[in-house]
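One structure is given here, and the rest of the page talks about it.
The values are calculated or read from the model by the stated rules, or taken from the named source; none is laboratory data. All values reported here derive from a predicted model rather than from experimental measurement. Here the Cβ positions follow ideal geometry from the backbone for every residue, glycine too, while neighbour counts run over all protein chains shown.
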Amino acid sequence: MRALNIAATGMLAQETNVAVISNNIANMRTTGYKRQRADFADLYYQNLTRVGSQTSDSGTLVPAGVQLGSGVRIVATPRVMSQGELERTDNDTDIAIRGEGYLRIELPNGQVGYTRDGSLEIAADGTLVTQEGFAVVPRIVVPADARDIAVSEQGAVQARVGDTSQVLGQIQLTTFVNKAGLEAIGDNLFLETEASGAGRAGNPGDPSYGTVLQFHLEAANVVAVSELSNLIAAQRAYEMNSRIIRAADEMLSATSNMT
Amino acid sequence: MENASLVGLSRQVVLRRDLDIIANNVANLDTPGFRGEALLFDDFLMPVARDPDFARPADQRIDFVLDAGSSHDFAPGAITQTGNPLDVALQGDAWFVVDANGEERYTRAGNFTVDAGGRLVTAGGLPVMSEGGPISFGPGETDVTITPEGTVSSSAGVKGRLRLAAFDDNRVLSRIGDNLFAASNDAAPIAPAGNVRIVQGALEQSNVDGVIEMTRLIAVTRAYEQLSRLLQSQDELRDRAIGRLGRLQG
């Protein structure tokens, strides 16, 4: 009974689909989260009667053969890299990226990570860091007596120190040829991979780079309604596959009950 | 006497294959651009098997069931919005052309992405062909737009036009997995005729209808059970015949 295995691949794929959907829903309120999608592809086919094989000596051909498929698999779970909504937070170290680009982050193990999450904080030594305390590259140090931090659309960070306005640093963005090829490692962080290509750093506002917006955060691009309707569809598809297994089982038992 | 069992058996073998095809359709309910399949039954006149039990005409030939072929349903699937700029759906009778190691393959699944070299590829990583070869994007190019006619452009200008193929008869296509179709008998694609449109930010779903597959499933299981019963009663008949005819007088 091939049907048992085929339905099992269907159930397995739908299980993965539900896992992807539930991760999207769980991250609905995660800053800078990009939703994922499960892409399905059919498995290989077995030709029982090949199309175009000869059926008689006078040269007649089989117009349509018998092809039996062997099920389905998840071929990829790409991220949908559309822009999330920008929410105003009124926090002067919150920045949202509008358009292309990632913030470059120095990870504690020396690696370089990338993130869209611009909810930055100031560490004890004045360095601009992420929520986990990882420094933003290039480093920007805010003096202890700085007031009124301002980030321009082009990423220039300024503050009032004493009586003078002072430029503290420049926020840079990194873009990739294939953003979907970045490897997610959790904590809103991504790593560069062979598939994503090497990152190219530039200033916000440069051609093909996005701009940054102070006092805002980028919300997740998860749309609750479409995730829920996907969830319902996945659940029904799962049920239908299990129905096939039951039918195959009934047929097997009808066979084995023959005496 | 044996023929009833053999005819029943031929039908059961075919029903099992039918179940396999239904299972594959249902497993691919969510596969983009998937085309459902149905088994075609045929009767097969056995040239030598004859049943002398029929009264008149004395020599009746026996019909067996045969699965002559499986047909693909080339009806379009539903188109859903995804909002992803590299998702494209085809409206009308045409196929996207994909390069699989130098050979042309055809697909309706428009869930394309970009690979590390910037080429436009399918979800399985095969380059999508334009009228002038694969389409590639340079680093930092944004705002990919695809017009209804298939012209792909980005912030760096026009990149090319997606190649579309059509066939006089879609039945020359056979499935090879990974959402791809191959043309058999060296059938050459022709330019798509009529109203073919490309919709960006949308994806064509599988054309499998869950309800229809479920009703087919019920029909198959019931027919199978019925045949099992038929074979069983045939067996009982034989059993009784042996018991009665073999009884010795006395």
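Among the numbered conditions (1) in a helix (DSSP H, G or I); (2) within 8 Å of chain B (Cβ to nearest Cβ); (3) of a type in the set (Ser, Thr, Tyr), the only one that residue A:208 does not meet is (1).
Residues considered: A:65, A:69. Of these, the only one that is within 14 Å of chain B (Cβ to nearest Cβ), modelled with pLDDT under 90, touching a Phe, Trp or Tyr at 6+ places or on another chain (Cβ under 6 Å) and under 30 Å from residue A:4 (Cβ atoms) is A:69.
Within segment B:203-233, the set of residues being of a type in the set (D, E, K, R), within 9 Å of another protein chain (Cβ to nearest Cβ) and not in a helix (DSSP H, G or I) is empty. If I filter segment A:232-251 for residues that are more than 9 Å from chain B (Cβ to nearest Cβ), more than 30 Å from residue B:223 (Cβ to Cβ) and surrounded by fewer than 18 Cβ atoms within 10 Å (Cβ to Cβ), do I get at least one hit? Checking segment A:232-251: at least one residue is more than 9 Å from chain B (Cβ to nearest Cβ), more than 30 Å from residue B:223 (Cβ to Cβ) and surrounded by fewer than 18 Cβ atoms within 10 Å (Cβ to Cβ). Within segment B:78-131, the set of residues being away from chain A (no Cβ under 13 Å) and assigned to a loop (DSSP other than H, G, I, E, B) comprises B:92, B:93, B:94, B:101, B:102, B:131. Residues that are surrounded by fewer than 16 Cβ atoms within 10 Å (Cβ to Cβ), hydrophobic (A, V, I, L, M, F, W, C) and farther than 18 Å from residue A:139 by Cα within segment A:150-185 comprise A:184, A:185, listed in sequence order. Of the numbered criteria (1) in contact with a strand residue (DSSP E or B) (Cβ under 7 Å, 6 or more places away or on another chain); (2) of a type outside the set (Lys, Arg); (3) under 19 Å from residue A:202 (Cβ atoms), the one residue A:149 fails is (3). Restricting attention to segment B:134-173, the residues that are among the aliphatic types (A, V, I, L, M) and within 24 Å of residue A:99 (Cα to Cα) total 6. Taking the stated definitions as given, is residue A:211 over 21 Å from residue A:17 (Cα atoms), surrounded by fewer than 16 Cβ atoms within 10 Å (Cβ to Cβ), assigned by TED's automatic domain parsing to the domain that holds residue A:149 and polar (S, T, N, Q)? In short, no.
Conditions tested, residue by residue: (1) within 11 Å of chain B (Cβ to nearest Cβ); (2) within 24 Å of residue B:110 (Cβ to Cβ); (3) touching a Pro at 6+ places or on another chain (Cβ under 9 Å); (4) β-branched (Val, Ile, Thr).
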{"residue": "A:3", "(1), (2), (3), (4)": "yes, no, no, no"}
{"residue": "A:7", "(1), (2), (3), (4)": "yes, no, no, no"}
{"residue": "A:12", "(1), (2), (3), (4)": "yes, no, no, no"}
{"residue": "A:15", "(1), (2), (3), (4)": "no, no, no, no"}
{"residue": "A:23", "(1), (2), (3), (4)": "no, no, no, no"}
{"residue": "A:28", "(1), (2), (3), (4)": "no, no, no, no"}
{"residue": "A:32", "(1), (2), (3), (4)": "no, no, no, no"}
{"residue": "A:35", "(1), (2), (3), (4)": "yes, yes, no, no"}
{"residue": "A:39", "(1), (2), (3), (4)": "yes, yes, yes, no"}
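Consider residue A:103 carefully, then state whether it is farther than 30 Å from residue A:42 by Cβ, within 21 Å of the chain's Cα centre (by Cα) and surrounded by fewer than 16 Cβ atoms within 10 Å (Cβ to Cβ). Here the answer is no, as residue A:103 does not meet what is asked. Is it true that some residue in segment A:137-145 is within 25 Å of residue A:24 (Cβ to Cβ) and either over 27 Å from the mean Cα position of the chain (by Cα) or among the hydrophobic types (A, V, I, L, M, F, W, C) (or both)? For segment A:137-145, residues within 25 Å of residue A:24 (Cβ to Cβ) and either over 27 Å from the mean Cα position of the chain (by Cα) or among the hydrophobic types (A, V, I, L, M, F, W, C) (or both): absent. Restricted to segment A:41-51, and to residues there that are within 7 Å of chain B (Cβ to nearest Cβ) and at pLDDT below 90, the residue that is surrounded by the most Cβ atoms within 10 Å (Cβ to Cβ) is A:51.
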